[in-house]
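Here the structure is laid out as structure tokens; the discussion comes afterwards.
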Amino acid sequence: MRRWCLFMLTSSLLLAVAGCRATPPGRAEVAVVQWIKHNITVKGRHDMNPIPATAEKIESGKENFAFYCIVCHGRDAQNTGVPFANSMSPPVPSLASPHVQSYTDGQLKWIIENGIAPSGMPASKGILSDDDMWTIVVYLRHLPPAGSLGEPSTYTGNEYSK
């Protein structure tokens, strides 16, 4: 009887541990979640960006991006030099990816403003102005080539270099 109880306890613990193992989502799961985000969760689909895509506004968006987004998304918005980008669950997306670029401008602004829980994407409401968020969207539509801006100084060890 004692062996039977020990066997059952051990089996239960092994099943519990095996059930807690995190595995990457499959294609179907990713497709369903992306569809839900694009069509249900993320609002702002029909909001129009009032900021024109001029060189000045792209640069302004780049500066606003550097203020708020660079630590997680890298200087180029493609995770260059961000050591934890692929280790998070879910991973930090490249903002140049077709998945991200398929959002409307209004949806991107909504994501910047409200964040996406529980992904780690924080809300910027009350931190960035509406114009700041819209200029970031303009920058996201005109990203530089991956790696072309280098790594964030935070991760190079040169943060306080002169």
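Of the residues SER89, SER97, only one is exposed (fewer than 13 other Cβ atoms within 10 Å of the Cβ), polar (S, T, N, Q) and closer than 20 Å to SER148 by Cβ; which? Don't jump to the end; show me each part of the working.
Working: SER89 fails: closer than 20 Å to SER148 by Cβ.
Result: SER97 is the single residue among SER89, SER97 that is exposed (fewer than 13 other Cβ atoms within 10 Å of the Cβ), polar (S, T, N, Q) and closer than 20 Å to SER148 by Cβ.
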(Q) Please verify whether TYR160 is over 30 Å from GLY26 (Cα atoms) and at pLDDT below 95, treating the condition exactly as stated. (A) yes
(Q) Can you confirm whether GLU63 is of a type outside the set (A, V, I, L, M, F, W, C), at pLDDT 90 or above, surrounded by fewer than 16 Cβ atoms within 10 Å (Cβ to Cβ) and farther than 27 Å from GLY26 by Cα? (A) yes
Q) Within region 118-162, which residues are acidic (Asp, Glu), in a loop (DSSP other than H, G, I, E, B) and touching a residue at least 12 places away in the same chain (Cβ under 8 Å)? A) GLU151
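If you check ALA146 against the conditions, is it under 18 Å from the mean Cα position of the chain (by Cα), loosely packed, with under 14 Cβ neighbours inside 10 Å, at pLDDT below 90 and of a type in the set (A, V, I, L, M)?
Values: under 18 Å from the mean Cα position of the chain (by Cα): yes; loosely packed, with under 14 Cβ neighbours inside 10 Å: no; at pLDDT below 90: yes; of a type in the set (A, V, I, L, M): yes.
No, not satisfied.
The values are calculated or read from the model by the stated rules, or taken from the named source; none is laboratory data. These figures come from a predicted structure and were not determined experimentally. Reconstructed Cβ throughout: ideal geometry from the backbone, glycine too, with neighbour counts over all protein chains shown.
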